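For reference, the structure is listed below as structure tokens.
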Amino acid sequence: MAPKPDRFGLAARLIALGVLSALLAGVAASLVLQRSLQDVVLRSVEQGLLQRAERVAAELRAAQERGRPLGGVAAGAEFETIFSGWYWQLGEDAGAPRSRSLWDGGISADPAQARPPLARAQGPRGEPLWGLATALELAGEAPRTLQVWAPAAESDAEIERIRRVLLALPLGLTALLGGLAVLQARVGLAPVRRLQAALGRVRAGDAGQLGEDFGPDLAPLAREMDAVLQRNAQIVERSRHHAADLGHALKKPLALLSAAAQAPAVDAGAVQQQLHSMAALIDRHLVRSASGAGGAGRIEVAPVLDGVLALVRHLHAARALEWDVELEPGLRWAGAAGDLEEMAGNLLDNAGKWAAARVRVRCARDGERIVLTVEDDGPGLSAGQIAEAGQRGRRFDESVAGSGLGLAIVDDLAATYGGTLALEAGALGGLRCRLAL
């Protein structure tokens, strides 16, 4: 099943997440602040009622000591004004002492709206009240409950104002943070847009690399992409070289076939030999054209080199060369075994062709690289010849068999893996090839 296309871009997702986060944060903050501010308002009401309850209790004790009636005790002007909203009552029974402000009215409790320790009620004229009950013990009497009531309209209005303000808070916060999320997406994704533009320039052929002007987060990605682009370019260039190498290698058998075709009698055996040679060349270059292009794991170096050395020794067995070989054990290389065989085979075969009596082979780790050094005691090359040695098809002695492509092939393969091939005069008198991978 094909994956469903993503209808939302990265910027849209970032903005949506930012707005949703702002909304949730605003709602949570609004609820917390609303609860906290309501508690502040109600604590203020509670403190006011406690203060008045203490004043009323003090007046009631004083009235008892003086032998005066408890009903109508003056505990402040608010309790003297009839239906002022400030009331007190001592006890629950009918005829219980009460403030003059309550007159002959009654108070209806509303437990559903109570906020303990505050009680909720309606006054004689239906006005909302907050109430607080405290225990009062007068001399010689059983403890009674002193209830003090205060108007709730002002505190209710204050709580309503808080609720409206905090209701608008999530909307304002969402709008603000939503705008910031849009700005954040535009500014934060600017390097991504630059990377996209750079890729467009590479695709259009206006640039060969992306560069690194994408910030610390995307610069490593750009470097990796540049490495991939460079590797692909090297593979394409190598494919072109392989085609040229194949054409160069086919010239000799084609020339021989052409000469055989012009002869009075065609030598079928010679023709068949050249055809086999051409088929082998084509197969070899097809294999080489795929090298370095696919994935490669880490391989053991020593077994691969041992196999190549055995083959090269067999090829040059008639010359009785001395092979001085030292391979560091345990070396591993991230590449294809066939590519290592191709590079090592060309270097060893080249040394075997030119050596007078001795070939020295060393392979060891040098820092993060593996270095293969192949040196012979042959005639060597001058500085000018060393500079030309890597050119494709360049040969310095036509009497020695070969196509002149070996060192160029090694250089191509090494570059594919980010390695280098260096040529220099060796201590044995001949050429020293240093392959670093």
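The values are calculated or read from the model by the stated rules, or taken from the named source; none is laboratory data. Keep in mind it's a predicted model, so treat the numbers as computed, not measured. Using ideal geometry, Cβ is built from the backbone for each residue, glycine included, and neighbour counts are taken over all protein chains shown. Protein only, heavy atoms only, side chains kept; ligands, DNA and RNA dropped before computing areas. Shrake-Rupley method; radii C 1.70, N 1.55, O 1.52, S 1.80 Å.
Here are some notes:
- Summed over region 26-85, residues that are modelled with pLDDT of 85 or more, over 30 Å from P170 (Cβ atoms) and among the β-branched types (V, I, T) total 3.
- Any hit, region 364-377, residues being at pLDDT 75 or above, touching a helix residue (DSSP H, G or I) at 6+ places or on another chain (Cβ under 7 Å) and either open to solvent by 30 Å² or more (accessible area, probe 1.4 Å) or over 26 Å from G335 (Cα atoms) (or both): yes
- Just one of the numbered conditions (1) closer than 14 Å to L435 by Cα; (2) free of Cβ contacts under 8 Å to residues at least 60 places away in the same chain; (3) not aromatic (F, W, Y) is not true of D349: (1).
- Scanning region 86-144 for residues that are open to solvent by 70 Å² or more (accessible area, probe 1.4 Å), of a type in the set (A, V, I, L, M) and in contact (Cβ under 8 Å) with a residue 40 or more places away in the chain gives a single hit, A139.
- Condition check for L49: within 18 Å of T145 (Cα to Cα) and not β-branched (V, I, T): yes
- Close contacts from region 411-436, counting a first residue that is outside any strand (DSSP E or B) and a second that is of a type in the set (S, T, Y) and modelled with pLDDT of 90 or more, with Cβ to Cβ under 9 Å and a gap of 6+ residues or different chains, come to D411/T420; A414/T420; G426/T373.
- Any chance G335 is at pLDDT below 90, surrounded by fewer than 19 Cβ atoms within 10 Å (Cβ to Cβ) and under 25 Å from A233 (Cβ atoms): no
- Filtered by the rule that a residue be of a type outside the set (V, I, T), part of a loop (DSSP other than H, G, I, E, B) and open to solvent by 50 Å² or more (accessible area, probe 1.4 Å), region 69-85 gives P69, A74, E80, F83.
- Unmet criterion (only one of (1) open to solvent by less than 60 Å² (accessible area, probe 1.4 Å); (2) over 18 Å from the mean Cα position of the chain (by Cα); (3) at pLDDT 80 or above; (4) of a type outside the set (A, V, I, L, M, F, W, C)) for S239: (3)
- Looking across region 200-223 at every residue that is in contact (Cβ under 8 Å) with a residue 12 or more places away in the chain and either of a type in the set (A, V, I, L, M) or part of a helix (DSSP H, G or I) (or both), the one that is least open to solvent (accessible area, probe 1.4 Å) is identified as A222.
- When A280, A263, A255 are checked against the criterion of being modelled with pLDDT under 70, farther than 24 Å from A414 by Cβ and of a type outside the set (S, T, Y), A280 stands alone in meeting it.
- Each residue in region 340-360 was checked for being outside any helix (DSSP H, G or I) and surrounded by fewer than 22 Cβ atoms within 10 Å (Cβ to Cβ), and 4 of them qualify.
- Which numbered condition R288 fails, given (1) touching a His at 6+ places or on another chain (Cβ under 9 Å); (2) modelled with pLDDT of 90 or more; (3) under 25 Å from I235 (Cβ atoms): (2)
- Qualifying residue in region 155-178 (condition: more than 27 Å from L17 (Cα to Cα), among the charged types (D, E, K, R) and assigned to a loop (DSSP other than H, G, I, E, B)): no
The rows are residues; the columns are (1) closer than 26 Å to A142 by Cα; (2) of a type in the set (G, A, S); (3) not in a loop (DSSP other than H, G, I, E, B).
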position: L42; (1), (2), (3): no, no, yes
position: R52; (1), (2), (3): yes, no, yes
position: V56; (1), (2), (3): yes, no, yes
position: L60; (1), (2), (3): yes, no, yes
position: W88; (1), (2), (3): yes, no, yes
position: E92; (1), (2), (3): yes, no, no
position: G95; (1), (2), (3): yes, yes, no
position: S101; (1), (2), (3): yes, yes, yes
position: G106; (1), (2), (3): yes, yes, no
